[in-house]
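The structure under discussion appears below in the form of structure tokens.
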Amino acid sequence: MPNLKFVAGSADMRDMFEWKNEYAVNIGSIDAQHQMLFAIGRELHEAMSAGKGRHVLSKILDRLVEYTMRHFTHEESLLRLHKYPNFAGHKAEHDALARKVVEFQAEFNSGKIAMALEVLNFVQNWLQCHIQGSDFAYAACLKGKKVA
């Protein structure tokens, strides 16, 4: 994960959580779900900019846990159905991301409250590395099988 410095209200971080077509895998259901992840990151960034990151973190983590379960189940079902050749590797990435989200939630629930920046950086890395890397890798396979 990149070591990013949060600057309240910084344009770079604020822009990072705005949906852009460069993130589209051009599969409607997946792009819609990815946009929800952008919204979660944007909500956390805005709360941190207002000095309230710690106060919204419990809700954000609950949403991230729910999001990962729903999104990964959907994405993996499409990959399995269309016999994506790197399914095992992609699922392993999903499993690692899901474990990290659950780990964040467990740490927060056990009393660690100063972790909003860590979660924000995690979401930003997820958007940049997983979506623009691993998800783009399967997009051509699914589009070639007429998945829309």
Taking region 93-129, which residues are in a helix (DSSP H, G or I), in contact with an Asp or Glu (Cβ under 8 Å, 6 or more places away or on another chain) and closer than 24 Å to Gly53 by Cα? Phe104, Gln105
Pairing a residue in region 34-49 that is closer than 11 Å to Leu64 by Cβ with any residue that is in a helix (DSSP H, G or I) and hydroxyl-bearing (Ser, Thr, Tyr), where Cβ atoms lie under 7 Å and the two sit 6 or more apart in sequence or on different chains, gives Met36/Tyr67; Leu37/Tyr67; Ile40/Tyr67
Extreme residue, farthest from Gln132 (Cα to Cα), among residues of region 27-60 that are among the β-branched types (Val, Ile, Thr) and over 16 Å from the mean Cα position of the chain (by Cα): Val56
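Let's see how each residue does on (1) within 20 Å of Ile40 (Cβ to Cβ); (2) in contact (Cβ under 8 Å) with a residue 60 or more places away in the chain; (3) of a type in the set (Ser, Thr, Tyr):
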residue	(1), (2), (3)
His71	yes, no, no
His74	yes, no, no
Lys83	no, no, no
Ala98	yes, no, no
Asn109	yes, no, no
Gln124	yes, yes, no
Please enumerate the residues belonging to region 61-74 that are closer than 22 Å to Met115 by Cα and under 12 Å from the mean Cα position of the chain (by Cα). Leu61, Arg63, Leu64, Val65, Glu66, Tyr67, Thr68, Met69
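Residue-wise test of (1) surrounded by 13 or more Cβ atoms within 10 Å (Cβ to Cβ); (2) modelled with pLDDT under 90.
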residue	(1), (2)
Asp12	no, yes
Met16	yes, yes
Val25	yes, no
Ala32	no, no
Gly41	yes, no
Arg54	yes, yes
Lys59	yes, no
Arg63	yes, no
Tyr67	yes, no
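The values are calculated or read from the model by the stated rules, or taken from the named source; none is laboratory data. This structure is a prediction, so every number in the text was calculated from the model and none was measured. Cβ coordinates were reconstructed from backbone atoms using ideal geometry, including for glycine residues, and neighbour counts include every protein chain displayed.
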